There are 2 protein chains.
Amino acid sequence: MKLINLEESDFDAMNKRYRTNFINCLSGFKSLALAGTINNDGVTNLAPVSSVIHVGANPPLMGMLMRPNTVPRHTLKNILETGMWTLNHVSEDFYQQAHQSSARFDKEVSEFTALGIVEEYHSSKAPYVQKAKIKIGLSLEEKFDIQSNGTHFLVGRVTELILPEDIIADDGFIDLEAAGTLTVSGLDSYHKTNKLERLPYAKVSNL
Amino acid sequence: MKLINLEESDFDAMNKRYRTNFINCLSGFKSLALAGTINNDGVTNLAPVSSVIHVGANPPLMGMLMRPNTVPRHTLKNILETGMWTLNHVSEDFYQQAHQSSARFDKEVSEFTALGIVEEYHSSKAPYVQKAKIKIGLSLEEKFDIQSNGTHFLVGRVTELILPEDIIADDGFIDLEAAGTLTVSGLDSYHKTNKLERLPYAKVSNL
């Protein structure tokens, strides 16, 4: 196994497409969801997101990174318009459709319609993906503008959640593997998971 | 499959430990790395992190969420002191040690020493985990304080990278599965991955 050691000038020297693939892989395996939104004219939008993180449990908060608004970004625009969005876990039976929703559809075109993905509505104004097993409704709490590259970090509060009861363990753990939730690496590599184990709470006295 | 529909009052009604497990699972599969830091007295620190996301490729940026400083947080304190940290991908051969590094060691105790994890140094002042296959050095660019719960979102620039040459594809894609990088769900569930496929760039004309 030959190791290589790269520094900033090496990243600068990479061609754009290569660097995009390369740097996108560094963060490790990523979450995979479809973000559902609606604008004030009632046009819905769907986009794959892989930069979602846990922010806190009480109140229940999640964070999501969004690209700059320099090209049309319907998801970000809709969230800022309505203050709401949904996250819908992506599983093996529809990851190819989910990936295809990243194509640049016109703003009048709903990815739901174009891709034949059925919408579903609950308390949130924003649409859910009917076939997703885990559906999360969020309201926008905070937006941070990242100066280094013009991206935005949104913090949302979980206002609603629809999921199968039988994947929740007695201690609150949700079995994502049983739900079929996938993970993604880089821009386009989709993966199933195989659980190794759950480990007990770490204490110094365990040593 | 019986579905349940939860709203904010249901989260409020959960006991603390249950809610922590539960909400931590919602973001989906997470990245898994050990964050290596050093303070100005030369004491090193190691902590597992699972809230790392890709922020941008040019310049190469990554984001990481950190808990509030209300209890001692050596990782955050050290990053703010030195402006540097490392991220070291966790693989199957040391995930149990990595998990154990989350125990509350005293500030004078290095998790490297306590857990027998060997340090390695390159250009960064911060220590790397020798046995990690993918090692990333970062410098702090921006820090955002999340008002909703007192957490912090750090944006770091990748300054250095050490990885095996043979896991990099011709188009820049890094084969994390070949590197043995794991993913985590919730607080404590560790998973290997099985690649389904890489999908081509999505275009409207593919429909």
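Put a plus charge on the Cβ of each Lys and Arg, a minus charge on the Cβ of each Asp and Glu, and nothing anywhere else: the dipole of chain A about its Cα centre is then about 420 debye. Partner aspartates and glutamates whose Cα lies under 15 Å from the Cα of residue B:107, excluding those fewer than 8 positions away in the same chain, are identified as B:41, B:81. Contact order for chain A, expressed relative to its length and based on alpha carbon pairs under 8 Å spaced 6+ residues apart, stands at 23 percent.
May I ask which of A:125/B:195; B:77/B:131; A:131/B:203; A:135/B:131; A:77/B:143; A:203/B:30 have a Cα-Cα span longer than 27 Å here? Violating the 27 Å Cα-Cα cut-off are A:125/B:195; A:135/B:131.
Magnitude of the Cβ-charge dipole of region B:1-107, K/R +1 and D/E -1, about the Cα centre, nearest 20 debye?
On the way: 10 positive and 9 negative charges, 36 e Å.
The dipole magnitude comes to about 180 debye.
Surface composition of region A:1-64: carbon plus sulfur atoms hold 46% of the accessible area, using a 1.4 angstrom probe and ignoring ligands, DNA and RNA.
Shielding by partners for peptide B:131-144, expressed as the average number of C-beta atoms from other protein chains within 10 Å of each residue's C-beta, is 2. Rounded to the nearest 10 square angstrom, residue A:106 shows an accessible area of 100 square angstrom against a 1.4 Å probe. Which of B:61, B:196, B:138 moves most in a GNM of chain B, Cα contacts under 10 Å? Its mean-square fluctuation being the largest, the pick is B:196.
Largest mean-square fluctuation among A:84, A:64, A:14, in a Gaussian network model of chain A whose springs join Cα atoms under 10 Å apart, belongs to A:14. Computed from backbone phi with θ = phi - 60° and the Karplus coefficients 6.51, -1.76 and 1.60, the 3J(HN,Hα) list for region A:106-115 is 5, 5, 7, 9, 7, 4, 4, 5, 4, 9 Hz; x is used for glycine and proline.
Inter-chain Cβ neighbour count for B:155-162, averaged per residue, equals 5 (cutoff 10 Å, partner chain atoms only).
Shown for residue B:43: label points 7 Å from Cα along the beta-carbon vector, and their distances to the equivalent points in the other copies, 5.8 nm in ascending order.
Considering only B:57, B:98, B:47, the Gaussian network model of chain B with Cα springs below 10 Å gives its largest mean-square fluctuation to B:57.
If you take the Cα centroid of region B:45-103 and the Cα centroid of region A:48-99, the two points sit 23 Å apart. In nanometres and ascending order, the distances from the residue A:107 label point to those of the other copies are 5.2 (point 7 Å from Cα along Cα→Cβ).
Within region A:153-207, report the trypsin sites (Lys or Arg not before Pro) that DSSP leaves as loop and that have at most 11 other Cβ atoms within 10 Å. Show your work: numbers first, answer last.
Values: sites: A:157, A:192, A:195, A:198, A:203; in loops: A:203.
Here the trypsin sites (Lys or Arg not before Pro) that fit, given the DSSP loop and packing criteria, are A:203.
Summary for residue B:15: label point 7 Å along Cα→Cβ; distances to the equivalent points in the other copies, ascending, 5.9 nm. Ranking B:36, B:152, B:176 by how far each Cα lies toward the positive end of the dipole of chain B (charges on Cβ) leaves B:152 at the top. In this structure the amide hydrogen of residue B:151, modeled in the peptide plane, comes within under 5 Å of the amide hydrogens of B:146, none closer than 5 places in sequence on its chain.
Treating each Cα of chain A as one equal point scatterer and applying the Debye formula with no solvent, the log10 of I(q)/I(0) at q = 0.12 Å⁻¹ comes out as -0.69. The C-alpha radius of gyration of the protein assembly as shown, expressed as a fraction of 2.2 N^0.38 Å, stands at 0.93. Counting Cβ atoms of other protein chains within 10 Å of each residue's Cβ and taking the mean over peptide A:172-181 gives 6. For residue B:84, nonlocal amide neighbours, meaning residues 5 or more places apart or on other chains whose placed amide H falls under 5 Å from its own, are B:140.
The GluC sites (Glu not before Pro) of region B:85-119 that DSSP puts in a loop, and whose beta carbon has at most 12 other beta carbons within 10 Å, are B:108.
The values are calculated or read from the model by the stated rules, or taken from the named source; none is laboratory data. Being a predicted model, the structure only gives us computed values, none of them experimental. In this analysis, Cβ positions are derived from the backbone assuming ideal geometry, glycine residues included, and neighbour counts consider all displayed protein chains. The accessibility values were calculated without ligands, DNA or RNA, using every heavy atom of the protein model including side chains. Shrake-Rupley method; radii C 1.70, N 1.55, O 1.52, S 1.80 Å.
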